[in-house]
Protein chains: 2
Amino acid sequence: MEFKVKELEGYTPQIGRLVSMMNYARKTTLDAVHGLTIKELDHLHNKNANSIGALLLHIAAVEKGFQIEIFDGRNPNEQEYDEWGAAYGLGELGRKEIKDQPLTFYIDKLYEVRNRTLEEFRRRDDTWLHSERLWDNQPSNNYFIWFHVIEDEINHRGQIRIQLKMIPFLS
Amino acid sequence: MEFKVKELEGYTPQIGRLVSMMNYARKTTLDAVHGLTIKELDHLHNKNANSIGALLLHIAAVEKGFQIEIFDGRNPNEQEYDEWGAAYGLGELGRKEIKDQPLTFYIDKLYEVRNRTLEEFRRRDDTWLHSERLWDNQPSNNYFIWFHVIEDEINHRGQIRIQLKMIPFLS
């Protein structure tokens, strides 16, 4: 396998480098959860924990949220809140709603959301990537926001790895 | 505050963007551990856990390791193994050796190591950044390897955040 941050066919140079990083982060996420059962995906280490399944759906939800904000230029609608709200917010609602699904459910969602990002990226260029926009009301740019999507995924992948070590029936 | 991935003065364009990402990741690490006591830094959630202090020193150790490999083009020497081995490898040795230090100890190490990286980056250019080299015996390039340094930090910052939630005397 090749591990490079580099230009990629179908994308402008900077977007290609960004996609290289996204691809690698996603590979490590999928590697971390490979073969997990529903019981393992739903395991809650304590009453405030988020399950591995919930973290996986959260990774897709964060990306979905930025798609709606950046590509569609609007706020999420009611149907999107219903579908993604628990995964976006995690916590109590996440523990209640996100469970009883096999790994393929989460992986399908991750692919479905990511596919749209890549499709939109192919239609955009580096000038767009460097365009300024607000992030959390602070000066930012599209490059940073999509780096943040990667960063959020890696953060939760780190948490998935540590939770895997703590699941009693896995150790 | 400004959150952008962009060119930075003193660095070639791609290296500047990389440094933007490193700076942001580091800010979030420092934010996560702000104000922690020695007791909190040394807390072990279970017998296989790594303390938050050990994870902080590990972040510096990984960067130190790549400095030696990439900037110095050699393997670590005995003195470096002694100083950084426990932090690099974590686990049993990390639990035994890394403790009883205040937060400033870890922050100083993080700054000391990072300063050298930035100094070396200022002397290099984008051609160097895109140069190919092996990573774990696989085809890679300098950009990927330094992205991996960021990625490793974010991974462990995610673990630090989750451990903070689990420290009984913090909740």
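The values are calculated or read from the model by the stated rules, or taken from the named source; none is laboratory data. In this text, all values refer to a predicted model and were calculated from it rather than measured experimentally. In this analysis, Cβ positions are derived from the backbone assuming ideal geometry, glycine residues included, and neighbour counts consider all displayed protein chains. Accessible surface areas use protein heavy atoms only, side chains included; no ligands, DNA or RNA. Shrake-Rupley method; radii C 1.70, N 1.55, O 1.52, S 1.80 Å.
Taking the conditions (1) without any contact (Cβ under 8 Å) to a residue 24 or more places away in the chain; (2) part of a helix (DSSP H, G or I); (3) not β-branched (Val, Ile, Thr) in turn, B:GLU7 satisfies each one other than (2).
Does B:ASN46 satisfy the criteria of being under 30 Å from B:ARG122 (Cβ atoms) and surrounded by fewer than 17 Cβ atoms within 10 Å (Cβ to Cβ)? It would help to see each step written out before you state the result.
Working: under 30 Å from B:ARG122 (Cβ atoms): no; surrounded by fewer than 17 Cβ atoms within 10 Å (Cβ to Cβ): yes.
For B:ASN46, the condition - under 30 Å from B:ARG122 (Cβ atoms) and surrounded by fewer than 17 Cβ atoms within 10 Å (Cβ to Cβ) - is not met.
Could you tell me how many of the residues in segment A:10-21 are more than 11 Å from chain B (Cβ to nearest Cβ) and touching a residue at least 40 places away in the same chain (Cβ under 8 Å)?
Going through segment A:10-21, the residues more than 11 Å from chain B (Cβ to nearest Cβ) turn out to be A:10-12, A:15-16, A:19.
Now narrow it down to the ones that are touching a residue at least 40 places away in the same chain (Cβ under 8 Å): A:10-12, A:15, A:19.
Total satisfying the criteria: 5.
Each row is one residue, and each column tells you yes or no for (1) among the aliphatic types (A, V, I, L, M); (2) open to solvent by less than 10 Å² (accessible area, probe 1.4 Å).
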position	(1), (2)
A:ARG95	no, no
A:LEU110	yes, yes
A:TRP128	no, no
A:ASN141	no, yes
A:ILE145	yes, yes
A:HIS156	no, no
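Criterion first (more than 13 Å from chain A (Cβ to nearest Cβ), exposed (fewer than 14 other Cβ atoms within 10 Å of the Cβ), out of contact with any Pro (no Cβ under 6 Å at 6 or more places or on another chain) and assigned to a helix (DSSP H, G or I)) does B:ASP31 satisfy it?
Details: more than 13 Å from chain A (Cβ to nearest Cβ): no; exposed (fewer than 14 other Cβ atoms within 10 Å of the Cβ): yes; out of contact with any Pro (no Cβ under 6 Å at 6 or more places or on another chain): yes; assigned to a helix (DSSP H, G or I): yes.
No.
Residue by residue through segment A:112-126, note down the ones that are over 14 Å from A:ILE70 (Cβ atoms), among the acidic types (Asp, Glu) and open to solvent by 60 Å² or more (accessible area, probe 1.4 Å). Matches in segment A:112-126: A:GLU112, A:ASP125.
Residue-wise test of (1) open to solvent by 10 Å² or more (accessible area, probe 1.4 Å); (2) not in a helix (DSSP H, G or I).
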position: A:TYR24; (1), (2): yes, no
position: A:GLY35; (1), (2): yes, yes
position: A:GLU40; (1), (2): yes, no
position: A:ASN50; (1), (2): yes, yes
position: A:ALA54; (1), (2): no, no
position: A:LEU57; (1), (2): yes, no
position: A:GLY65; (1), (2): yes, no
position: A:ARG74; (1), (2): yes, yes
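Taking the criterion of being more than 20 Å from B:ILE154 (Cβ to Cβ) and either small (Gly, Ala, Ser) or open to solvent by 90 Å² or more (accessible area, probe 1.4 Å) (or both), the residues of segment B:76-88 that qualify are B:GLU78, B:GLN79, B:TYR81, B:ASP82, B:GLY85, B:ALA86. In the set B:ARG26, B:ARG74, only one residue is closer than 30 Å to B:ASP126 by Cα and within 14 Å of another protein chain (Cβ to nearest Cβ); that residue is B:ARG26. Counting the residues of segment A:1-48 that are modelled with pLDDT under 95 and closer than 20 Å to A:GLU151 by Cα gives 0. Of the helices (runs of 4 or more DSSP H) lying entirely inside segment A:79-171, the ones with 2 or more residues being within 9 Å of another protein chain (Cβ to nearest Cβ) and basic (Lys, Arg) are found at A:142-166. Inside segment A:149-171, can you point out the residues that are closer than 16 Å to A:VAL62 by Cα and either out of contact with any helix residue (DSSP H, G or I) (no Cβ under 8 Å at 6 or more places or on another chain) or of a type in the set (Asp, Glu) (or both)? If the condition is that a residue be closer than 16 Å to A:VAL62 by Cα and either out of contact with any helix residue (DSSP H, G or I) (no Cβ under 8 Å at 6 or more places or on another chain) or of a type in the set (Asp, Glu) (or both), then A:GLU151, A:ASP152, A:GLU153 are the ones that fit.
Kindly indicate whether A:GLU69 is free of Cβ contacts under 8 Å to residues at least 12 places away in the same chain, more than 14 Å from every other protein chain (Cβ to nearest Cβ) and not aromatic (Phe, Trp, Tyr). Explain how you work it out, then say what you get.
Values: free of Cβ contacts under 8 Å to residues at least 12 places away in the same chain: yes; more than 14 Å from every other protein chain (Cβ to nearest Cβ): yes; not aromatic (Phe, Trp, Tyr): yes.
Considered against the rule, which asks whether it is free of Cβ contacts under 8 Å to residues at least 12 places away in the same chain, more than 14 Å from every other protein chain (Cβ to nearest Cβ) and not aromatic (Phe, Trp, Tyr), A:GLU69 comes out as yes.
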